[in-house]
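Reading through the structure tokens given below for one structure.
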Amino acid sequence: MPDTLIPPKPITSALDSRFKPSLYARVGIPNSFSLESYQAGGGYQALRRAFAIGNDAVIDEMKKSGLRGRGGAGFPTGLKWSFMPLKDGKQHYVICNADESEPGSFKDRYLMTEDPHQMLEGMIIAGFAMRASMGYIYIRGEYVLAAERVWAAIHDARVAGLLGKNILGSGFDFDLQVHRGAGAYICGEETALMNSLEGLRANPRLKPPFPAQAGIYGLPTTINNVESFCAATQIIRYGWEWYSSMGTEKSKGNKLFQISGPVQRPGVFELPLGATFREMIFDFAGGPLEPIKAIIPGGSSTPMMPWTDTVLDAPMDYESITAQGSMLGTGGLILIPQNYCIVNATWNLVRFYAHESCGKCTPCREGIGGWMVKMYEKLVRGQGKPGDVELILDMSDNIGGKSFCALADACLGPVLSSIKLFRSEYDYLIANGKSQYGGSSRWAD
Amino acid sequence: MLYFTDKQTQLADIFSRYPHTEQGRRSALMPLLREVQNALGHVPEENIAEIAALIGSTATEVKSVMSFYSTYHTTPTGKWHLQVCATLSCAIAGSDELWDYLVDELGIGAGEVTPDGLFSIQKVECLGSCGTAPMIQVSDVGFSECITRRKMRTQLEQLRAGANYLPDTVVPVFIQDGQQLNALEQKIGGKYSELEPLKF
Ligand SMILES: Cc1cc2nc3c(=O)[nH]c(=O)nc-3n(C[C@H](O)[C@H](O)[C@H](O)COP(=O)(O)O)c2cc1C
Ligand code: SF4
Ligand code: FES
């Protein structure tokens, strides 16, 4: 990827010969996670460039690149960085959200196990840009190998003078620590994460104040996803022009997409934003192994989409997926096979959200954690009655937009979309006491 | 038995990760709980009190935090605590059958420990390995992924024979010489997205 090669026409397909993976470029290289290997591949050049151009220019490049947060919400990263107060004399923090618990998402994990320095470099650059002196990486507790590799990378970076006092003679001091979670999805919500890091129960905090004013320990804090920090490394290394040559008009850059469900090759693929579902599912994942009826496009919280040519040919970028009634989210596709009961699939996700509800606010604690999951259990057991679907819709109406954080709304994504798209399956199940379709029978020998 | 009495360097290391303030001290709660649980398999009552004293809090508050997370146990688990992911991608790939198999094979249900103390089982939510479903986490050691009946059987046999559990992780990322592998292009010699849609 020579810096001079800036294509005249935007890249919106990974089959475009000008496209090269950058975030996962080093995955698969022996010892890719070691500092020597990272530096041999040009690692920490972005940091040197950041020091050369100065902190304000870094924020400026991030804004121009068009990068939007890859943790799910898609908030413009450069803009977020510019919210940090510049001269308040307080300590500033940078936090990396490596809680990755959204069902269907598993991209951050391999960024950490296979290329942890790429993430560290992005965090150091972010710390430099936002005048922070300390950063935490909040890794979900179950990611044992990721935590080990990140710890080792921090250690090596300290020894090499890439962390600590006066980094590379720039006069900039910055250090990083790892904090490990303990199994709670809500810890991925940025303010809940801060409570968890402070040793409290991980209930979300009221916003405002936003983290940039009062985050961890009441001090200015910026929190980004692992992939966002890795993208920052690439942007500062190759420049915003290169980055924004990929993607569509409003959705710039490339993204890690994940796919699970019955396809030939479930896994992580790096594609420019604007690549189609068809490209992802067929060209890269090798196509489905059996008929599919629904696609969850961006992790469990995003509404299901029907398996139609219109959807398959839709570009995967923020605007197009929103126009199709769903969201890009984390880019974690889950394919639901034709013969898997949709009510059962939805119950599975409702149960997930019910289990993960933190219990702070009533609409979610009672609505999702109590009623919604009970309604679905009843339906799945074949004890549903006419009117139950209406009751679910009525409950959804009383939960949606009325809860403290986005978790409750996230649960309504699969609920409302499955009813909208597959109402006949609900009706059949209620009328007959059992589903047209079974559960899975796919467990191999 | 107190756990940290003779582990002052370890304690100092944990506290050094956070600010030297009252709030910072409290941040050490989760790493301290993890230390104890990793060593003892669960966090006994007296160690809850010990940790509370260390971070300047109370046992009730520590328990309140512990109960928030699914990882901490207050009662002993089996030597190998098998946590089966039950969320959608794993369910589609057969985690229900995997669970039933474990229940049959070990003769225990959720929250129980086999009489020999070797195994306990628990259903958990998405572990971030949906691309290699179905999968389980074994104690705090690591993941076993792409589990088949045969693989599960072999692993149980090995653990019963006293072997140590070794994480069995698959990286479902397909890169060769900096290029992503494209399964079908190789297989059918053309771009799949340009072909007729699949018919089953
Ligand atoms: C319930 C809930 C769970 C979340 N889980 C995660 C997560 O696991 N990882 C993540 O990066 N962001 C997660 N987020 C989004 C974060 O709150 C936050 O927007 C994100 O970390 C910001 O980073 P970004 O701007 O780089 O995307 C979650 C949000 C909610 C409401
Ligand atoms: S919506 Fe749910 S998770 Fe969010 S604060 Fe309310 S109870 Fe907690
Ligand atoms: S659904 Fe099982 S690991 Fe994600």
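No value in this document is a laboratory result; all are computed from the given coordinates. Just so you know, these numbers come straight off a predicted model, no measurement behind them. Positions of Cβ are generated from backbone atoms using ideal geometry, with glycine treated the same way; all protein chains shown enter the neighbour counts.
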Compute the long axis of helix B:59-68 from its Cα atoms, compare it with the longest principal axis of the Cα atoms of chain B, and write down the angle in degrees, 0 to 90, nearest 10.
10
Which percent of Cα pairs goes in each bin when the distances of the protein assembly as shown are cut into 10 angstrom slices starting at zero?
3, 16, 27, 28, 19, 7, 1, 0
I'd like the distance separating the alpha-carbon centroids of segment A:311-368 and segment A:381-433, in whole Å.
12
Each label sits 7 Å from Cα toward the beta-carbon; between B:Ala53 and B:Lys79 the label points are separated, in nm, by 3.3
For segment B:132-142, take each phi angle, set θ = phi - 60°, evaluate the Karplus expression 6.51 cos²θ - 1.76 cosθ + 1.60, and give the result in whole Hz per residue in order, putting x for glycine and proline.
10, 6, x, 8, 9, 10, 9, 6, 9, 8, x
Calculate the mean, over all residues of peptide A:335-343, of how many other protein chain Cβ atoms lie within 10 angstrom of the residue's Cβ.
1
per DSSP, antiparallel bridges as share of beta bridges in the protein assembly as shown, % nearest 5, sits at 45
What is the order of B:Leu33, B:Leu11, fewest Cβ neighbours within 10 Å to most?
B:Leu11, B:Leu33
For A:Lys360, the lysines lying under 23 Å Cα to Cα, once residues fewer than eight places off in the same chain are dropped, come out as A:Lys207, A:Lys374, A:Lys402, B:Lys63
Taking only complete DSSP H runs, can you tell me which helices of chain A stretch 27 Å or more along their own long axis by Cα positions and average at least -1.0 on the Kyte-Doolittle scale?
A:406-432
What does the charge dipole of segment B:8-68 about its Cα centre add up to, to the nearest 20 debye, if the Cβ of each Lys and Arg holds +1 and the Cβ of each Asp and Glu holds -1?
200
Say the dipole of segment A:286-445 comes from +1 at the beta carbon of Lys and Arg and -1 at that of Asp and Glu; which of A:Leu333, A:Pro288, A:Val415 then lies farthest toward its positive end?
A:Val415
Shape of segment A:258-337, Cα gyration tensor, a/c cut at 1.5:
rounded
Between helix B:95-106 and chain B: long-axis angle, C-alpha atoms, 0 to 90°, nearest 10:
60
Quick check for me: using +1 on Lys/Arg Cβ and -1 on Asp/Glu Cβ, what's the dipole size of segment A:258-337 about its Cα centre, in debye to the nearest 20?
240
Give me the number: length gained by fully extending B:Leu40 to B:Ser67, i.e. 0.36 nm times residue separation minus the C-alpha to C-alpha distance, one decimal in nm.
7.9 nm
If you count, for every residue in B:89-100, the Cβ atoms of partner chains within 10 Å of its Cβ, what is the mean?
6
Cysteines, the protein assembly as shown, no other Cys beta-carbon under 4.7 Å
A:Cys96, A:Cys187, A:Cys230, A:Cys341, A:Cys358, A:Cys361, A:Cys364, A:Cys405, A:Cys411, B:Cys126, B:Cys130, B:Cys146
Phi angles of segment A:204-214, converted by Karplus (6.51 cos²θ - 1.76 cosθ + 1.60, θ = phi - 60°) into ³J(HN,Hα) in whole Hz with x for Gly and Pro, give x, 9, 5, 10, x, x, 7, x, 5, 8, 9
For segment B:127-164 versus segment A:153-219, the gap between their alpha-carbon centres in whole angstrom:
32
So who's got an amide H within less than 5 Å of the one on B:Trp80, skipping anything under 5 residues away but keeping other chains? H placed 1.01 Å off N, in plane.
B:Phe119, B:Ser120
Interchain or sequence-distant (5+) residues whose placed amide H lies within less than 5 Å of the amide H of A:His179 are A:Ile137, A:Tyr138, A:Ile139
Helix B:149-160 vs. chain B, principal-axis angle (Cα, 0 to 90°, nearest 10):
30
Inside 10 Å of the C-beta atoms of B:166-172, what's the mean count of C-beta atoms belonging to other chains?
4
About the Cα centre, charge dipole magnitude for the protein assembly as shown (Lys/Arg +1, Asp/Glu -1 at Cβ), debye:
720
222 nm mean residue ellipticity, helices alone, for the protein assembly as shown (DSSP H n ≥ 4; -39,500 (n - 2.57); rounded to 500)
-11500 deg cm²/dmol
Applying the gyration tensor rule to the Cα atoms of segment A:37-174 (axes a ≥ b ≥ c; rounded if a/c under 1.5, else prolate if a/b exceeds b/c, else oblate), the class is oblate
Placed amide H near A:Gly69: partners under 5 Å, 5+ positions off or other chain
A:Gly74, A:Phe75, A:Thr77
Percentage of Cα-Cα pair distances in chain B greater than 27 Å, rounded to whole percent?
48
